[in-house]
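I have placed the structure first, in the form of structure tokens, so that the comments after it can refer back to it.
The values are calculated or read from the model by the stated rules, or taken from the named source; none is laboratory data. If you're wondering where the values come from, they're calculated on a predicted model, not measured in any experiment. Note: ideal-geometry Cβ built from the backbone for every residue, glycine included; neighbour counts use all protein chains shown. Calculation scope for accessible area: heavy atoms of the full protein, side chains included, ligands and nucleic acids excluded. Shrake-Rupley method; radii C 1.70, N 1.55, O 1.52, S 1.80 Å.
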Amino acid sequence: MISKFENPLTNALSQGISEQDILEAVKSSGYPLQTIITEKLKSFDLTEEWSFVDRDTKSMRNIDILAEKRLYTYEDFPDTRVRPHISLLIECKQSSLPYVFFLTKHKPFLDNFPIYTGLFNNNRIQIKSNDTRDTWSLSINRLFGLVEHDFICNSPYNSKVFSKCVRKGREFELSGSDTYNSVVMPVIKAMSHYSQVCTPPKTAHYFSSYLTMGIAVIDGPMLGINVNEDGNNELVFTPWVRVLRHENDDELKWMYKGKHYVIDVIHKDFFSTYIDQHLMPFAESYASYALKHAKVLANGKGFIKGMGQDCTNNLEDRLK
């Protein structure tokens with residue numbers, strides 16, 4: 001065992017406890033996974049065990065990692081009114097038994113994914129035009145054409161329900177909703193709190209806009225299951241599943257029937273690929289549009305010519 005400084009002889013393991021016992025306990029705890037993931041995020045500003053207020057119990061809780069990164073340089077954009085960032089709220093889980101995701105063939109239109117925080121209206125921009133008195137309330141993704149980005153519309157699998165295998169004697173069974181509540185709900189509640197603490201003051205003129213992602217990292221087998229009516233269900237190994245949770249939101253306008261919270265569940269050994277090849281290219285696209293249209297985002301409103309004739313095509317190019 002390695003010892004630093006002049007370790008006193010009394011600082012030692014008791015009889016009956018071996019060094020291997022401690023190492024095995026640490027390995028099964030999940031903390032090594034958290035350390036591994038932080039090492040993969042060296043370019044981010046990291047806070048481990050980030051604390052937040054549980055929106056239901058009002059008690060303090062912690063999420064494993066908050067990772068934040070600027071998506072601009074001050075030297076290139078010293079006077080921009082909107083400073084784009086990306087924020088990752090990450091929960092790490094370790095298991096030798098598989099997580100099982102019930103895959104859905106229906107992909108909902110995720111107009112509010114990912115969450116943008118730090119602006120007055122966060123995700124929605126009010127649009128006026130020259131050829132009609134109508135106004136439009138458009139999401140940032142739709143306004144910038146990001147709803148068609150591969151990261152949004154081409155994730156490998158979607159799931160609304162998942163569980164974990166547990167042993168019952170010699171057999172296995174699914175753990176029910178406990179796994180979902182222990183993985184998804186902490187991330188959703190952390191995202192909800194993060195959105196609140198990023199709310200700008202009413203007098204703000206400059207803003208930090210945070211593209212906010214909830215992520216669960218799994219060190220263990222991840223299995224998707226396609227359920228078929230004939231009973232011939234199909235299992236597939238997948239390192240990335242997008243988990244959807246629909247919730248009511250009293251703050252949404254009359255035409256919106258709640259919203260989806262989205263958590264990307266990622267296998268530990270796919271995490272770097274997910275960040276570098278999927279998430280960051282999307283974040284960089286958002287940042288370039290945010291800097292280009294900083295005034296629109298800061299004011300929460302914009303102008304697009306000819307919306308009465310065409311309210312869907314090339315919106316970003318026409319945005320003023």
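Could you pull out the trypsin sites (Lys or Arg not before Pro) across region 47-95 that fall in loop regions by DSSP (anything but H, G, I, E, B) with no more than 14 other Cβ atoms inside 10 Å?
Loop-located and lightly packed - R55, K58.
Nearest 0.05, what FRET efficiency do N299 and T273 give at R0 = 45 Å with Cβ-Cβ as r?
Using R0 = 45 Å, I get an efficiency of 0.75.
Which value, in Å², gives the accessible area per residue of the chain when a 1.4 Å probe is used on the protein heavy atoms?
56
Would you calculate, for the chain, the mean residue ellipticity at 222 nm contributed by helices, counting each DSSP H stretch of 4 or more residues as -39,500 (n - 2.57) and dividing by all residues, to the nearest 500?
Dividing the helical sum by the residues of the chain leaves -6500 deg cm²/dmol.
Assuming R0 = 56 Å, can you tell me the calculated FRET efficiency for the pair K292 and L13, based on Cβ-Cβ distance, to the nearest 0.05?
The computed FRET efficiency comes out at 0.40.
Name the long-range amide H neighbours of W50: under 5 Å, sequence gap of 5 or more, or other chain; modelled H, no Pro or chain starts.
I63, I65, L66
Counting only C-alpha contacts under 8 Å and six or more residues apart, can you give the relative contact order of region 94-164 as a whole percent?
Across region 94-164, relative contact order equals 46 percent.
Quick one: if you stick a label point 7 Å off each Cα along the C-beta vector at T135 and L23, how many nm between them?
The answer from the label model is 6.5 nm.
Go through region 142-156 residue by residue and turn each phi into a ³J(HN,Hα) via Karplus (6.51, -1.76, 1.60, θ = phi - 60°); whole Hz please, and just put x for glycine and proline.
Values, residue by residue: 5, 4, 8, x, 7, 5, 9, 5, 3, 5, 7, 9, 10, 5, x Hz.
Charges on Cβ only, +1 for Lys and Arg, -1 for Asp and Glu, centred on the Cα centroid of the chain; of T135, I17, H260, which one is farthest towards the dipole's positive end?
Of the candidates, T135 comes out farthest on the positive side.
At a Förster radius of 25 Å, what calculated FRET efficiency corresponds to the Cβ-Cβ distance of V147 and I36, to the nearest 0.05?
E between V147 and I36, to the nearest 0.05, is 0.15.
Which residues' amide hydrogens lie under 5 Å from the amide hydrogen of E91, considering only partners 5 or more residues apart or on another chain, with H built in the peptide plane?
Here I215, A216, V217 satisfy the definition.
How far apart, in nanometres, would the label points at E316 and S285 be if each is projected 7 angstrom from Cα along the Cα-to-Cβ direction?
Computed distance between label sites E316 and S285 equals 0.7 nm.
Summarise the accessible area of the chain (1.4 Å probe, protein heavy atoms) by the percent that is carbon and sulfur.
49
In the chain, what percentage of the DSSP-assigned beta bridges are antiparallel, given to the nearest 5?
60
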